[in-house]
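Enquirer: This structure is in structure tokens; I'll ask about it shortly.
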Amino acid sequence: MAETIVVASDSFKGSVNSLEVGRSICQGIHALYPDDHVVVFPIADGGEGTVDAIMTSREGSRISLNVQGPFGQTVEAHYGLIDNGSTAIIETAEASGLTLVAKEDLDILQSSTYGTGELVKDALNKGVSKIYIGLGGSATNDGGMGLAAALGVRFFDEAGQSLKPISANVSKIASIDTSQKIKAIADVEIVLLVDVDNPLCGERGASFVYGPQKGGNIEQLRDLDRALDRYADLAAEVTGRHEKDSAGAGAAGGLGFGLLTFFNARAEKGIATILELIAIEEVIAKADLVITGEGQMDSQSVNGKAPIGVAQLAQKHGVPTIAIVGGAATDLDALYDAGISGVFDIVNSPMSLKEAMTNAPSLIANTAKNVISFYHRISK
């Protein structure tokens, strides 16, 4: 008997994107059961692939433009327009992402979210009334200074000189002027798609938690944390908004804070909002099986990550969910409680990480064959 299977996996970062994962799983299923109806949904939780995930499932247009990258270089970035052009879908990783620069070239003090601000500005110029901004995967730690500068907020040092909006200059901010802020943004609803609840500062803040992967050493991270704390207090004096301890303020190197403070944004769990935008629940409700996944699954995956969002929707409708992953930890009890029925990693023999990443499509397809064979036999 043919089954209806929904495949909704996150990307295996650095290896295959969400759509490629879905296609590989579909290939594996159809190798054994060609009559099974497989529906593939690319998904993301606000990081890399957010625009693609939404635009694959929604009618709209993709906009491409050259903007400033995280370290001042010119990059080609994309965002989406849906709802007849009234809603923009923007992801920070497109303009300010870690994948835009080689690891050895990372310099956390020179990083800026200015390019993401340029994407927002372009969307405003097109007359949108709502903007979703995914905050994952950034290479930045400027507290949103760059984005704010691109949208008209001005930052000055003690001598009254305008500051270049980079992380190193956050500590030099003596005054902030919002009088030149783009007026159109006041009438636009801004929704932040986040998968973390970190505050801006402190041990769980942007600098200490995410700074190391952006090239920051401990001394730089201490300095940045102090600078962001002072910056947040100054921004609160100017705007009346006290957001440094808000959940998600520390996302994308504090970009969450900048958007909450200067542009009255609100933060939402990225995966829940994205799943709603792509209307996946109505398809899951009619499915027999859901297959999800991500590159690495562990006990932390339960905290707002894409596979758990999918599993919880499936659980709501009594549909079992299986995860196919690049690698899995040993303690997954929290995931089982959250709706994952089983976790299958793709590594089927001793191999290096490089081999696994290079051969991911075939390994994913092979694992999908094992999963679907087992499922059909126990479901008879």
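The values are calculated or read from the model by the stated rules, or taken from the named source; none is laboratory data. Keep in mind it's a predicted model, so treat the numbers as computed, not measured. All Cβ positions, glycine included, derive from the backbone under ideal geometry; neighbour counts span all protein chains shown.
Enquirer: With respect to residue 3, is the statement that it is under 22 Å from the mean Cα position of the chain (by Cα) and of a type outside the set (Gly, Ala, Ser) true?
Expert: Numbers: under 22 Å from the mean Cα position of the chain (by Cα): no; of a type outside the set (Gly, Ala, Ser): yes.
No: the conditions fail for residue 3.
Enquirer: Return the residues of segment 313-332 that are more than 22 Å from residue 20 (Cα to Cα) and in a loop (DSSP other than H, G, I, E, B); say none if nothing qualifies.
Expert: 317, 318, 319, 320, 329, 330, 331, 332
Enquirer: What do you reckon, is residue 286 at pLDDT 95 or above, outside any helix (DSSP H, G or I), surrounded by fewer than 21 Cβ atoms within 10 Å (Cβ to Cβ) and not assigned by TED's automatic domain parsing to the domain that holds residue 134?
Expert: Taking the combined requirement at face value, the residue satisfies it.
Enquirer: Applying the selection to segment 9-18, what residues are crowded, with 24+ Cβ neighbours inside 10 Å, over 14 Å from residue 29 (Cβ atoms) and of a type outside the set (D, E, K, R)? Even if it seems obvious, please write down each step before you answer.
Expert: We begin by selecting, within segment 9-18, every residue crowded, with 24+ Cβ neighbours inside 10 Å; these are 9-12, 18.
Still in the list and also over 14 Å from residue 29 (Cβ atoms): 10-12, 18.
Selection gives 11, 12, 18.
Enquirer: Also: Take segment 10-45 and flag every residue that is within 15 Å of the chain's Cα centre (by Cα) and more than 19 Å from residue 285 (Cβ to Cβ).
Expert: Pass one, segment 10-45, residues within 15 Å of the chain's Cα centre (by Cα): 10-14, 17-18, 42-45.
Once the filter is applied, which keeps residues that are within 15 Å of the chain's Cα centre (by Cα) and more than 19 Å from residue 285 (Cβ to Cβ), segment 10-45 yields 10, 11, 12, 13, 14, 17, 18, 42, 44, 45.
Enquirer: Which residue, of 314, 306, is farther than 18 Å from residue 12 by Cα and crowded, with 21+ Cβ neighbours inside 10 Å?
Expert: Going through 314, 306 in turn, the sole match is 314.
Listed here are the residues, each with its yes/no results for (1) part of a loop (DSSP other than H, G, I, E, B); (2) over 22 Å from the mean Cα position of the chain (by Cα); (3) without any contact (Cβ under 8 Å) to a residue 60 or more places away in the chain; (4) not assigned by TED's automatic domain parsing to the domain that holds residue 250.
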residue	(1), (2), (3), (4)
119	no, no, yes, no
122	no, no, yes, no
132	no, no, no, no
142	yes, no, no, no
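Enquirer: Within the group 292, 261, which residue is of a type in the set (Val, Ile, Thr), on the phi < 0 side of the Ramachandran plot, buried (at least 18 other Cβ atoms within 10 Å of the Cβ) and outside the structural domain of residue 348 (by TED's automatic domain parsing)? Spell out how you get there, then give the answer.
Expert: On the way: 292 fails: outside the structural domain of residue 348 (by TED's automatic domain parsing).
Exactly one of 292, 261 is of a type in the set (Val, Ile, Thr), on the phi < 0 side of the Ramachandran plot, buried (at least 18 other Cβ atoms within 10 Å of the Cβ) and outside the structural domain of residue 348 (by TED's automatic domain parsing), namely 261.
Enquirer: Moving on. For segment 221-241, give me each residue that is in a loop (DSSP other than H, G, I, E, B) and either crowded, with 17+ Cβ neighbours inside 10 Å or of a type in the set (A, V, I, L, M) (or both). Spell out how you get there, then give the answer.
Expert: Within segment 221-241, the first condition is being in a loop (DSSP other than H, G, I, E, B), and the residues that meet it are 240-241.
Hits for segment 221-241: nothing passes.
Enquirer: Return yes or no: is residue 241 without any contact (Cβ under 8 Å) to a residue 60 or more places away in the chain, in the same structural domain as residue 141 (by TED's automatic domain parsing), under 23 Å from residue 188 (Cα atoms) and not hydrophobic (A, V, I, L, M, F, W, C)?
Expert: Answer is yes for this residue.
Enquirer: Has segment 212-220 got at least one residue that is crowded, with 21+ Cβ neighbours inside 10 Å and assigned by TED's automatic domain parsing to the domain that holds residue 128?
Expert: yes
Enquirer: Give the residue, chosen from 81, 98, that is crowded, with 18+ Cβ neighbours inside 10 Å and either at pLDDT below 95 or not assigned by TED's automatic domain parsing to the domain that holds residue 190 (or both).
Expert: After applying the criteria, what remains is 98.
Here is a yes/no grid of residues against (1) under 21 Å from residue 18 (Cβ atoms); (2) assigned to a helix (DSSP H, G or I); (3) in contact (Cβ under 8 Å) with a residue 60 or more places away in the chain:
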site: 344; (1), (2), (3): yes, no, no
site: 363; (1), (2), (3): yes, yes, no
site: 367; (1), (2), (3): yes, yes, yes
site: 372; (1), (2), (3): yes, yes, yes
site: 376; (1), (2), (3): no, yes, yes
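Enquirer: Kindly establish whether residue 332 is under 29 Å from residue 135 (Cα atoms) and not basic (Lys, Arg).
Expert: yes
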